[in-house]
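I have placed the structure first, in the form of structure tokens, so that the comments after it can refer back to it.
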Amino acid sequence: MKTAILISLLLSFTLYVNSQEANPKFDSTLAKTYGADDYGMKMYVMVILKTGSNTSENKAATDSLFMGHMNNINRLVELKKLVVAGPFGKNENNFRGIFILNVSTIDEAKELMQTDPAIKADLLQTELYPWYGSAALPAYLETSDKIWKSKP
């Protein structure tokens, strides 16, 4: 009986492995370039930016900190550490924006977030989460740089 069960399990596993479809378009060099696993995915860190506890009404200081925030976003893109950034619309959770960082650990993401003047000044707070997404996500940056007409 044990032998029959073992043979049945081995046959089931063999059928499962053989039934997985290989991608005829697979490019191993490209997959390696983006750090893709067998599913074309990889780990990132997602950052939710929320309104911070600093509610200063000094408009000049706040404007300067947010200009530094925008400059830091551009710097992180140039370093290939930031692959997605954008604001949320009005919401009840005080969510202000999102980053997807091309790093694999929360600790590395925390270090990068401390380079942002608006975060350091607590105008923005962060929540960081491991996120598993397409390894090709950074590829869109090249295209996105060709479709904006003017900077905000």
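Here are the numbers:
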read-out: Lone unmet requirement of (1) among the small types (Gly, Ala, Ser); (2) in contact with a Gly (Cβ under 8 Å, 6 or more places away or on another chain); (3) without any contact (Cβ under 8 Å) to a residue 40 or more places away in the chain for Ala136; value: (3)
read-out: One residue from Asp107, Asp145, Asp122 being out of contact with any Lys or Arg (no Cβ under 6 Å at 6 or more places or on another chain), acidic (Asp, Glu) and in contact (Cβ under 8 Å) with a residue 12 or more places away in the chain; value: Asp122
read-out: Per-region count, segment 41-71, residues surrounded by 11 or more Cβ atoms within 10 Å (Cβ to Cβ), more than 15 Å from Leu137 (Cα to Cα) and out of contact with any helix residue (DSSP H, G or I) (no Cβ under 7 Å at 6 or more places or on another chain); value: 12
read-out: Residue match in segment 118-136 (condition: out of contact with any strand residue (DSSP E or B) (no Cβ under 7 Å at 6 or more places or on another chain), surrounded by 11 or more Cβ atoms within 10 Å (Cβ to Cβ) and farther than 21 Å from Gly68 by Cβ); value: yes
read-out: Residue identified as without any contact (Cβ under 8 Å) to a residue 24 or more places away in the chain, at negative phi and within 22 Å of the chain's Cα centre (by Cα) among Glu78, Glu57; value: Glu78
read-out: Residue check, Glu57 within 23 Å of Leu123 (Cβ to Cβ) and modelled with pLDDT under 95; value: yes
read-out: Residue in segment 17-40 that is exposed (fewer than 15 other Cβ atoms within 10 Å of the Cβ), without any contact (Cβ under 8 Å) to a residue 40 or more places away in the chain, closer than 30 Å to Thr143 by Cβ and of a type in the set (Val, Ile, Thr) present; value: yes
read-out: Scope segment 83-100; condition out of contact with any Phe, Trp or Tyr (no Cβ under 6 Å at 6 or more places or on another chain) and either among the aliphatic types (A, V, I, L, M) or in contact (Cβ under 8 Å) with a residue 60 or more places away in the chain (or both); matching residues; value: Val83, Val84, Ile98
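The values are calculated or read from the model by the stated rules, or taken from the named source; none is laboratory data. Remember, predicted model here, so these are calculated numbers, not experimental data. Quick reminder, even Gly has a Cβ in these numbers, built from the backbone with ideal geometry, and neighbours come from all protein chains shown.
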